[in-house]
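The values are calculated or read from the model by the stated rules, or taken from the named source; none is laboratory data. For clarity, every value in this text was computed on a predicted model and none was experimentally measured. Here the Cβ is made from the backbone with ideal geometry for all residues, glycine too, and neighbour counts use every protein chain on show.
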Amino acid sequence: MKRRPLLAGNWKMHTTVIEACHLAAEIGKCSADLDDRDVLLAPPFTVISEVAHVLRESRVLIASQNVCWEEQGAFTGEISPTMVKSAGGTAAIIGHSERRQIFHEDNGMINKRVHGALHFGLLPILCIGETLEEREAGKTFSVLEEQVREGLGGVSSDDMRKTVVAYEPVWAIGTGKTASKEQAQEAHAFVRKLLAEMYEKDIAESVRILYGGSVNPDNVDELMAQADIDGALVGGAALKAESFCRIINFT
């Protein structure tokens, strides 16, 4: 089964309104002729609507960098699925390693966010990945299995078809270190096999699994050539139009 590549740029806590609009416009231009892959941007909450407006005539998708499981209520500092949609977003990154490591979000909370996104019609991008200590201790696959099983707990087969998984080894995020293409492929293949056990083989074969971890113009081609890598979740290199445009135009 041929899976449609998804190249996502996570801007994290960067860009003012003016900077975001300028960057979005440049990415819109360089992605205008791409009809065989999806391009997605996850700007800060404060500029989602402005970025969506700039890209309204483009194919570029917009995601939030997190999402609450409730539509509204006393959840200071959160953003609801309906808020994301009303601002122009259609997807949400969930369980990013920085949410797990810095803000101590556990698999239970992440699972609630996944269900919230699905319930309100957003595409969830569930992030998973091991720390350096866990990899060196030989725990990579046990960590990934726990994060996948608990993060997707209660997600139906139909909803799984509407979900994206992103493997991002924590030790390779923002460090300049990148998992080798062999290491990345091994982890992706493991996750796909696990999804086949949890669901059906055809569902596992249809789910897009992205790689995130210091993806850049120099390594994107070899990463995207791997059988089970269906795209990239890009951090630092997504903040410059020139580098991100090279990434989304991978060959």
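In the condition set (1) among the aromatic types (Phe, Trp, Tyr); (2) crowded, with 19+ Cβ neighbours inside 10 Å; (3) touching a Phe, Trp or Tyr at 6+ places or on another chain (Cβ under 8 Å), Phe244 is compliant with all but (3). Filtered by the rule that a residue be among the acidic types (Asp, Glu) and over 17 Å from Ala241 (Cβ atoms), the range 25-60 gives Asp35, Asp36, Asp38, Glu57. One residue stands out among those in the range 33-82 that are charged (D, E, K, R) and within 16 Å of Val114 (Cα to Cα): the one that is surrounded by the fewest Cβ atoms within 10 Å (Cβ to Cβ), which is Glu71.
Does Ala238 satisfy the condition of being of a type outside the set (Asp, Glu), part of a helix (DSSP H, G or I) and out of contact with any Ser or Thr (no Cβ under 6 Å at 6 or more places or on another chain)? Against the criterion (of a type outside the set (Asp, Glu), part of a helix (DSSP H, G or I) and out of contact with any Ser or Thr (no Cβ under 6 Å at 6 or more places or on another chain)), Ala238 qualifies. Number of residues in the range 227-251 that are more than 20 Å from Ile125 (Cα to Cα) and either touching a His at 6+ places or on another chain (Cβ under 7 Å) or among the small types (Gly, Ala, Ser) (or both) equals 2.
Only a single item in (1) at pLDDT below 95; (2) assigned to a helix (DSSP H, G or I); (3) not basic (Lys, Arg) is not met by Thr175, and it is number (2). Residues of the range 62-94 being touching an Asp or Glu at 6+ places or on another chain (Cβ under 9 Å), of a type in the set (Asp, Glu) and either at pLDDT below 95 or over 23 Å from His14 (Cβ atoms) (or both), which ones? Selection gives Glu70 alone. For the range 93-140, filtered to residues that are in contact (Cβ under 8 Å) with a residue 40 or more places away in the chain and small (Gly, Ala, Ser), the residue that is farthest from Tyr167 (Cα to Cα) is Gly121.
Scanning the range 189-207 finds no residues that are within 27 Å of Ile102 (Cα to Cα), among the small types (Gly, Ala, Ser) and touching a helix residue (DSSP H, G or I) at 6+ places or on another chain (Cβ under 9 Å).
Note on the range 116-160: enclosed helices (runs of 4 or more DSSP H) holding 3 or more residues that are in contact with a Gly (Cβ under 9 Å, 6 or more places away or on another chain) are 140-151.
So that you can scan it fast, the table gives a plain yes or no per residue for (1) under 23 Å from Met224 (Cβ atoms); (2) surrounded by 22 or more Cβ atoms within 10 Å (Cβ to Cβ); (3) at pLDDT below 95:
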| residue | (1), (2), (3) |
| --- | --- |
| Ser142 | no, no, no |
| Glu145 | no, no, no |
| Gly151 | no, yes, no |
| Gly154 | no, no, no |
| Asp159 | no, no, no |
| Tyr167 | yes, yes, no |
| Ala204 | yes, no, no |
